[in-house]
Amino acid sequence: MQKKQDLVQFEERPVARALDMASLIDDFLDAQDIRPISKRLYRVGVETFLSWLSKEGVEQPARGDVLRFKDHLRSRDLAANSINCYLVGVSRFFSYLESERLYPDITRNVKGVRQPTKHLREILTTEQVWKVLESVDTSSLLGKRNYAMLNVMVSTGLRTISIISADLGDLRPSGQEARLAYKNKGSEAKDEAVLIVEHVLKSLTAYLKARGKARPDLPLFASQDGGRLTTKTVRSIVKDLLRKNGIDDPRLSAHSLRHTFATHALRSGAPLLNVSKALGHASITTTMIYVHQLDRMGEGAAERFIDYRPQQDSALNSQ
């Protein structure tokens, strides 16, 4: 099958018809009574399948090709959720083609990939996040540090390793917000950045003010002796705060704050692509695992959608 922009010969029963694939995909998506995020995921699935068919030299796809495509996705070590997102889009597309008498539904009875029984993405509820943040004693320097650090982690999705490697010079204020440069997984340079929104920046500013002036090459979040924290220390701080608030689930950890950010950002309306960029994912398919927890979608930077404060408190602070 050729690229989506080309005219592709699909065999209709019994008449052959030339179809403009780009327009056909648009027509298919327009006919779906689903949320915008689901339409975007369907498009990704269909276009990925068509691209794979083109590389395989398949012009008249059959059910066996769908099964081979499924195996191809498995070979890429994608999560079951991501594979099923692709397959659902392809299935709906060929169901549409058959309903329009353009091509038989070659996906009929093709099963999805079985989901693992374990929870892949354990997260904290909004209430739990707020409870944990409120429980931090900010009367001491370490308390201010922990409060700011927790705020940054759960409001940006940064990994623990990015938190401990962050330097003071990586924080770049811009008005009432800031950018925090960080080194992404597998990268040698700090060429990525997350948005630090106003209420999170306030907690960070309070900590840095209490800490006093320091060189830009020193850790953003310092240990008691001014050195760099370890991942073990950060994990212990988070785990202790969770237990302190009666959250003693072994599946919840410091890394759960990253999943919490992603899920709540998507639920609050952040576009999937923006969340993927905020998380530093190399491919949007990695971010797809959070899709099943979505409520709705909207516009804007992912970090802008995160605010764990009670609504009344948020409204007062924004005035």
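The values are calculated or read from the model by the stated rules, or taken from the named source; none is laboratory data. Computed from a prediction, not measured in an experiment: that's the story for all the values here. Cβ atoms come from the backbone with ideal geometry, glycine included; neighbour counts cover every protein chain shown.
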Please verify whether Asp77 is part of a loop (DSSP other than H, G, I, E, B), acidic (Asp, Glu) and not assigned by TED's automatic domain parsing to the domain that holds Leu41, treating the condition exactly as stated.
no
Test Val194 against the stated conditions and say whether it is assigned by TED's automatic domain parsing to the domain that holds Ala166, hydrophobic (A, V, I, L, M, F, W, C), touching a residue at least 60 places away in the same chain (Cβ under 8 Å) and not in a helix (DSSP H, G or I).
yes
Select from segment 254-277 the residues that are of a type outside the set (A, V, I, L, M) and within 18 Å of Tyr308 (Cα to Cα) and list them in ascending order.
His255, Ser256, Arg258, His259, Thr260, Phe261, Thr263, His264, Arg267, Ser268, Gly269
Subset of segment 57-90, residues under 19 Å from Leu41 (Cα atoms) and among the charged types (D, E, K, R), comes to Lys70, Arg74, Arg76, Asp77
Being surrounded by fewer than 12 Cβ atoms within 10 Å (Cβ to Cβ) and outside any loop (DSSP other than H, G, I, E, B) is the filter; apply it to segment 215-247 and report the residue that is nearest to the chain's Cα centre (by Cα).
Lys232
